[in-house]
Amino acid sequence: MFNITPIKNLMKQSNKTVVIALGGNALSPKNEAGTIQQQFKHTRKSLKAVLHFVKLNYNICITHGNGPQVGAEMQRNEISMKKIPPLPLNVLVANTQGAIGYMIQQSLQNALYQSKSNREVVSLISQMKVQRDDNAIKNPSKFIGKSFGKEKVNYLAKRYKWTIKEQEKGCWRRVVPSPEPQYIFNGASIKHLVEFGTIVIAGGGGGIPSYNTKSGSLRGLDGVVDKDKTAALIGRIIKSEEYFIITDVDNIYLNYNTDNQVKISNATESEIKKWLDEGHFGAGSMEPKIKSALYFLKYHGKKVVITSIEKIEDAIDNKAGTHITKDK
């Protein structure tokens, strides 16, 4: 049984607030089938690291990726689409937010119970405000889902109103918009809960891209929002001092994957900007994380740490990871 804790004992825990961004691959690695049992196993492992922040009485907001999970949902759609009407992408993003949020929430609540902590965990289905006239909506470019042969392109495009482009020679994939997030709906509630001491899971998969119609009503959009931009935006909204980006490398590097790669342990935002301009960070891998780090430091943020799950405890103690700070 969980302890029933008086409200007064759940008041704000600390002056430090952290946004922790877990990559989707941290919960479902590329080299595995991605069964729910495997995902729960990796979720529990990931959240052991989060307990280090709990022990230090941080206020905590967790965001997560959903790439592998939403890809699997799309495949289920594609396999069954001749018998069952497929769900739109915005609903699949919502579904994965709920499923991953459930895994994180249950695993973390169990870990808190074992460590005798009375803090509570909540997960929110998060919608991200985007502009209806965002150029990315008119010109979708984000490849998602499995690849098709050219013979299926016309049928799928006509039958399901998809936009499909050739990613590589002979490899055709669906493309969807990836518009800029403007703000997160229920951001004030997230901030209130985090300051209250509740551990909040929000902005999963970048959030559900949503826009206002001319009448003011809200509609979901079939697209994806960059999860790193969303994490940095949440950090701004809740006025977080620290932002931990948990990925599959212990540090960032210059000249990555070459004979003369250089590990970066500490850097200022000016140094990071310079290396970004020089092209040291891959467009599909580290670059979005670096850009989100710079955005975070521009608004309220004091420190960004990029590291792996295994190195979180040492990274909190400044003994591991890449630490990016404001210019002095």
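The values are calculated or read from the model by the stated rules, or taken from the named source; none is laboratory data. The structure displayed is predicted, hence computed values, not measured ones. Glycine gets a Cβ as well: all are built from the backbone with ideal geometry, and neighbour counts include every protein chain shown. Ligands, DNA and RNA are stripped out before the accessible areas are found, and what is left, the full protein with its side chains, is counted by its heavy atoms. Shrake-Rupley method; radii C 1.70, N 1.55, O 1.52, S 1.80 Å.
Okay, here's what the table says:
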| quantity | calculated |
| --- | --- |
| Backbone HN-Hα couplings from phi across region 78-85 [Karplus 6.51/-1.76/1.60, Hz, Gly and Pro as x] | 5, 5, 9, 4, 7, 10, 10, x |
| Highest average packing first - 207-213, 262-268, 21-27, Cβ atoms within 10 Å | 21-27, 207-213, 262-268 |
| Cβ crowding within 10 Å averaged over residues, with 161-169, 101-109 ranked highest first | 101-109, 161-169 |
| Computed P(r) (all Cα pairs; region 88-233; 10 Å bins; percent) | 11, 33, 29, 17, 8, 1 |
| Carbon and sulfur %, accessible surface of the chain computed with the full protein complex present, 1.4 Å | 49 percent |
| Å² per residue, accessible surface of the chain at 1.4 Å | 52 Å² |
| Cross-link pairs Lys138/Lys214; Lys303/Lys328; Lys30/Lys138; Lys274/Lys311 - those with Cα-Cα distance over 22 Å | Lys30/Lys138; Lys274/Lys311 |
| Estimated vicinal HN-Hα couplings, Hz - region 192-203 in sequence order (Karplus 6.51, -1.76, 1.60; Gly, Pro = x) | 4, 5, 4, 5, 6, x, 6, 8, 10, 9, 8, x |
| In Hz, Karplus ³J(HN,Hα) per residue of region 150-161 (6.51, -1.76, 1.60; θ = phi - 60°; x = Gly, Pro) | 4, 5, 9, 4, 4, 4, 5, 5, 6, 5, 10, 6 |
| Computed E for Lys83/Gln38 - FRET, C-beta separation, R0 22 angstrom, nearest 0.05 | 0.20 |
| Peptide ranges 119-132, 235-248, 137-150 listed from the most packed, as the mean C-beta count within 10 angstrom indicates | 235-248, 119-132, 137-150 |
